[in-house]
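Structure incoming, see below.
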Amino acid sequence: MKRGLLSLIFLGLWFGAVTVNAEELVVYSGRSDKFVKPVVKAFTEKTGIKVVLHTGSSTALLNKLKLEGERTQADLYISNDAGNLQKGSELKLFSAMDDNSVAVIPQDYRAEDNSWVGLSARARVLVVNSKDESVAGIKSVFDLADPKLKGKLAITHSSNESYIAGTTVYLRARDEKTVKQWLAGMKSNVKGSVYNKHSKIVKAVASGRKSIGLVNHYYIYRHLAKKPKAAIKIVLPDQGKDDIGVAWNVAGAAIVKHSGKQKAAQQFIQYMVSEAGQKLFAEVNQEYPTRPGVSAAANVPPLSSYKVAKVPMRDLGKYRNATLDIIESVGMP
C-alpha cells in the first residue's frame with residue numbers, strides 16, 4: 001500500500017515536471033542576450049511561457065542544430081543574418097509557420113515556405129569623418145574602391161556575416177565583374193588591415209585614423225549616443241536614380257523542426273511579429289521593424305527617407321556560396 005502510494009506520488013511529480021518543461025522554450029540565439037532578453041521578458045509576462053536562451057554565433061548554432069538532428073533540445077532558432085536562416089530552411093531544419101501569423105511581414109523578408117521570418121532589419125551604410133573633406137563626395141559603396149581612399153578606408157574582415165550579406169546584395173543588384181572590381185579596389189585601399197568589429201571602425205573614423213568605413217547603421221548611433229559631438233556622420237549610399245539603394249539584412253527566427261513544443265513556439269513567433277513585439281525587438285538595437293506601419297527608433301533615418309536595394313532576403317542564403325567564391329577569388333583579408 002505504501003509502495004503504491006509512493007509510486008503515485010512519484011508519477012505525479014514526474015508528470016508535474018513534464019508540464020513545467022512543456023511551458024519552457026529553448027532558443028538557440030545568434031543575437032546578444034541584451035537584445036533578446038527584453039523581448040523574452042515581455043513574451044513570458046504575456047503568456048506565462050518561460051524562455052531559455054542559448055547564445056552563440058548564428059553560424060555555429062545552425063551547425064549545432066544540423067549535428068543534433070532529432071536529439072536537439074532547441075525549439076526556436078534566432079539568427080542575426082538572413083543567410084543562415086535560408087540555409088537552415090534549405091537543410092530542412094525548420095518547420096513551417098502559421099501563414100496567417102507571418103503574413104503581416106512582407107514576402108521579401110521571409111522564406112517562400114514560411115519556414116523563417118525576418119523580424120528586424122539593418123542597413124549597410126557609410127560612416128564618414130565629418131571634418132575630412134577628401135571623402136565629402138563619396139556617394140556609393142562602389143566608390144570605396146577609388147584609389148584616392150588608399151589607407152583611409154576601414155572595413156571588417158571578409159568572414160563577417162554582415163560583410164558577406166552585403167556583398168551578396170551587391171552581387172544580386174549588379175554583376176560579378178562589378179563586384180570583383182569593387183572588392184579588389186577595397187583590398188588595395190585597406191592594405192591588408194581590417195577590423196574585427198564594426199564599433200572599432202566607427203571609433204577609427206571618429207578619431208581621424210580612418211576617413212570612411214562600411215558598417216551597419218546602428219553602430220554609428222550607439223557611438224553618437226555616448227559621444228554626441230563625435231566628428232562622424234552617416235551617408236546612406238547609392239541613392240541616385242539608377243543606383244541600387246542601401247543593402248539590408250534581417251535578423252529573424254525559425255521554429256525547429258524537431259521541437260516537441262510547436263504550439264508554444266508558434267505563440268513566440270506570433271508575439272515577435274505583433275506590433276508590440278516588433279517595436280521592442282527592433283528598438284532595443286535601433287533596427288527597422290519588418291512589419292509595415294511599426295516605426296523605428298526616433299533617431300535613425302526613417303525608412304521612407306531612402307531607397308533600399310530590391311533584393312529578397314532569402315537570396316542572402318541562396319547565393320551565399322557564390323559570394324564566398326568571389327570573395328575568396330579576390331583574396332579578401
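If I go through the range 137-150 residue by residue, how many of them are surrounded by 12 or more Cβ atoms within 10 Å (Cβ to Cβ) and not in a helix (DSSP H, G or I)?
The number of residues fulfilling the criteria is 5.
Taking the range 289-333 only, how many residues are of a type in the set (Ser, Thr, Tyr), out of contact with any helix residue (DSSP H, G or I) (no Cβ under 6 Å at 6 or more places or on another chain) and closer than 12 Å to ALA121 by Cβ?
The number of residues fulfilling the criteria is 0.
Scan PRO333, PRO312, PRO289 and give me the residue that is at pLDDT 95 or above and crowded, with 21+ Cβ neighbours inside 10 Å.
Sole residue among the options that is at pLDDT 95 or above and crowded, with 21+ Cβ neighbours inside 10 Å: PRO289.
All but one of (1) more than 12 Å from the chain's Cα centre (by Cα); (2) under 30 Å from VAL311 (Cα atoms); (3) surrounded by fewer than 20 Cβ atoms within 10 Å (Cβ to Cβ) hold for VAL52; state the number of the condition that does not hold.
(2)
Would you confirm whether any residue within the range 241-263 is surrounded by fewer than 21 Cβ atoms within 10 Å (Cβ to Cβ), over 22 Å from the mean Cα position of the chain (by Cα), in contact (Cβ under 8 Å) with a residue 40 or more places away in the chain and not in a loop (DSSP other than H, G, I, E, B)?
The answer is yes; a qualifying residue exists.
Do you know which residues across the range 84-106 are over 17 Å from the mean Cα position of the chain (by Cα) and more than 26 Å from LEU67 (Cβ to Cβ)?
Selection gives ASP98, ASP99, ASN100, SER101, VAL102, ALA103, VAL104.
Out of all the residues in the range 106-150, which are more than 16 Å from VAL308 (Cβ to Cβ) and among the acidic types (Asp, Glu)?
Listed by number, the residues that qualify are GLU112, ASP113, ASP132, GLU133, ASP143, ASP146.
Here is a check on your reading of the model: is LYS150 among the basic types (Lys, Arg), over 26 Å from ALA173 (Cα atoms) and touching a residue at least 40 places away in the same chain (Cβ under 8 Å)?
no
Conditions tested, residue by residue: (1) more than 17 Å from TYR109 (Cβ to Cβ); (2) hydroxyl-bearing (Ser, Thr, Tyr); (3) not assigned by TED's automatic domain parsing to the domain that holds ALA111.
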position: GLY240; (1), (2), (3): yes, no, yes
position: ALA253; (1), (2), (3): no, no, no
position: PHE268; (1), (2), (3): yes, no, no
position: GLU275; (1), (2), (3): no, no, no
position: VAL284; (1), (2), (3): yes, no, no
position: LYS307; (1), (2), (3): no, no, yes
position: LEU324; (1), (2), (3): yes, no, yes
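To continue, here is another question. Would you check if there is a residue in the range 289-307 being closer than 20 Å to ILE220 by Cβ, within 15 Å of the chain's Cα centre (by Cα) and hydrophobic (A, V, I, L, M, F, W, C)? Can you show your working first?
Step one: list which residues in the range 289-307 are closer than 20 Å to ILE220 by Cβ, which gives 289, 295-307.
Those left that are additionally within 15 Å of the chain's Cα centre (by Cα): 289.
Adding the requirement that they be hydrophobic (A, V, I, L, M, F, W, C) leaves none.
No; the residues of the range 289-307 include none that is closer than 20 Å to ILE220 by Cβ, within 15 Å of the chain's Cα centre (by Cα) and hydrophobic (A, V, I, L, M, F, W, C).
Would you mind telling me which numbered condition in (1) touching a residue at least 40 places away in the same chain (Cβ under 8 Å); (2) more than 30 Å from ILE212 (Cβ to Cβ); (3) in contact with a helix residue (DSSP H, G or I) (Cβ under 7 Å, 6 or more places away or on another chain); (4) surrounded by 22 or more Cβ atoms within 10 Å (Cβ to Cβ) ASP98 fails?
If we test ASP98 against (1) touching a residue at least 40 places away in the same chain (Cβ under 8 Å); (2) more than 30 Å from ILE212 (Cβ to Cβ); (3) in contact with a helix residue (DSSP H, G or I) (Cβ under 7 Å, 6 or more places away or on another chain); (4) surrounded by 22 or more Cβ atoms within 10 Å (Cβ to Cβ), just (4) comes out false.
Do we find that LEU67 is part of a helix (DSSP H, G or I) and free of Cβ contacts under 8 Å to residues at least 40 places away in the same chain in this structure?
yes
Going through the range 161-206 one residue at a time, which ones are out of contact with any Ser or Thr (no Cβ under 6 Å at 6 or more places or on another chain), under 27 Å from TYR221 (Cβ atoms) and of a type in the set (Ser, Thr, Tyr)?
Residues satisfying the conditions are SER162, TYR170, SER193, SER199.
Return a yes/no flag: does the range 167-177 have any residue that is under 23 Å from GLY245 (Cα atoms) and not in a helix (DSSP H, G or I).
Yes, the conditions are met somewhere in the range 167-177.
The values are calculated or read from the model by the stated rules, or taken from the named source; none is laboratory data. Small disclaimer: the values here were computed from a predicted structure and weren't measured. Please note: Cβ atoms are built from the backbone with ideal geometry, for glycine as well, and neighbour counts cover all protein chains shown.
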